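Engineer: Below is one structure. I have some questions about it.
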Protein chains: 2
Amino acid sequence: MKNPIEHLNKIFDSRIRLGIMSALVVNSSVNFNELKELLDITDGNLASHLKTLDEAAYIKFQKGFIGRKTNTTYSITKTGEKAFKQHLEALEKMIGAVK
Amino acid sequence: MKNPIEHLNKIFDSRIRLGIMSALVVNSSVNFNELKELLDITDGNLASHLKTLDEAAYIKFQKGFIGRKTNTTYSITKTGEKAFKQHLEALEKMIGAVK
DNA sequence: AAAAGCACTTTGTAATACAAAGTAAATACT
DNA sequence: AGTATTTACTTTGTATTACAAAGTGCTTTT
């Protein structure tokens, strides 16, 4: 057996970033407040994790409006989808013998 | 969709502890140096993660000898196996829609 | 004009990770 | 006998990360 963790993506060590990514994989776009409620975290904390993911080019955002209220929606990028899937595959491989 | 991350176990956020657990799930017992080589980390770092897992009662250890050299082997506890499997199930559920 | 909502940024603190060095107990070399 | 080596740590120090709370700028609602 060789190193099982070397293919895990450090960005996805964080449970919150995992949660964000899984929400964005399933839903084509999710807005700030939906994510905040979904993950039950403060807005500052959410913003900082979104920033990390954005800097990695794993997500993108679009500022818009719902009616007259500002509304920022987030979605996953190709890069992000690829990285996330690779991480999941590495996880699966690592724990494959378990179930 | 409700909070996807609330059932994730914080102890398993760490890639190294994930690696230790996955090694121990697959192999009935693994010694210190095997783990160290497998995960490619320093002994101090490994010891501290083992301590965290031991304090959670997820692993147990047994001090012994190979020939005349000291040898500490680690294995998973019932509690640890249960917690790990629950974590994996939570992960699967979270990302189930992906693959 | 005041209050509230949105999506942040900034600030400060606490927790965590990690390498490196130190330690203890035993064995192995010279 | 004395020194070195190995194992499995513990301790120490530093850097990174997480997070809450407070503050900001813009807009809308009252």
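Engineer: Pick from the range A:34-53 the residues that are within 9 Å of DNA strand C (Cβ to nearest atom) and away from chain B (no Cβ under 14 Å): which of them is least open to solvent (accessible area, probe 1.4 Å)?
Structural biologist: The initial filter retains those residues of the range A:34-53 that are within 9 Å of DNA strand C (Cβ to nearest atom), namely A:34-36, A:42-48, A:50-51.
Within this subset, residues satisfying the condition of being away from chain B (no Cβ under 14 Å) are A:42-44, A:47-48, A:50-51.
Numbers: A:Thr42: 89, A:Asp43: 84, A:Gly44: 47, A:Ala47: 44, A:Ser48: 59, A:Leu50: 7, A:Lys51: 124 Å².
Of everything passing the filter in the range A:34-53, A:Leu50 is least open to solvent (accessible area, probe 1.4 Å).
Engineer: Give me the residue from the range B:21-33 that is open to solvent by less than 60 Å² (accessible area, probe 1.4 Å) and facing chain A (nearest Cβ under 9 Å) and, out of that set, nearest to DNA strand C (Cβ to nearest atom).
Structural biologist: B:Met21
Engineer: Related question: Within the range A:88-96, does at least one residue satisfy the condition of being within 16 Å of DNA strand D (Cβ to nearest atom) and not hydroxyl-bearing (Ser, Thr, Tyr)?
Structural biologist: Going residue by residue through the range A:88-96, those that are within 16 Å of DNA strand D (Cβ to nearest atom) are none.
There is no residue in the range A:88-96 that is within 16 Å of DNA strand D (Cβ to nearest atom) and not hydroxyl-bearing (Ser, Thr, Tyr).
Engineer: Let me ask another. Which residues, counting only those in the range A:41-93, are more than 21 Å from A:Ile16 (Cα to Cα) and in a helix (DSSP H, G or I)?
Structural biologist: A:Lys93
Engineer: Of all the residues that make up the range A:25-40, how many are in contact (Cβ under 8 Å) with a residue 24 or more places away in the chain, within 21 Å of A:Lys85 (Cβ to Cβ) and assigned to a helix (DSSP H, G or I)? Explain how you work it out, then say what you get.
Structural biologist: Within the range A:25-40, the first condition is being in contact (Cβ under 8 Å) with a residue 24 or more places away in the chain, and the residues that meet it are A:25, A:28-32, A:35.
The next check asks that each one be within 21 Å of A:Lys85 (Cβ to Cβ); those that pass are A:25, A:28-30, A:35.
Then keep just the ones that are assigned to a helix (DSSP H, G or I); that gives A:25, A:35.
Residues meeting the conditions: 2.
The values are calculated or read from the model by the stated rules, or taken from the named source; none is laboratory data. Model, not experiment: these values are computed from the prediction. For neighbour counting, all protein chains shown are included, and Cβ atoms are generated from backbone atoms with ideal geometry for every residue, glycine included. The protein model used for the area step is the full one, side chains on, heavy atoms only, and it has no ligands, DNA or RNA in it. Shrake-Rupley method; radii C 1.70, N 1.55, O 1.52, S 1.80 Å.
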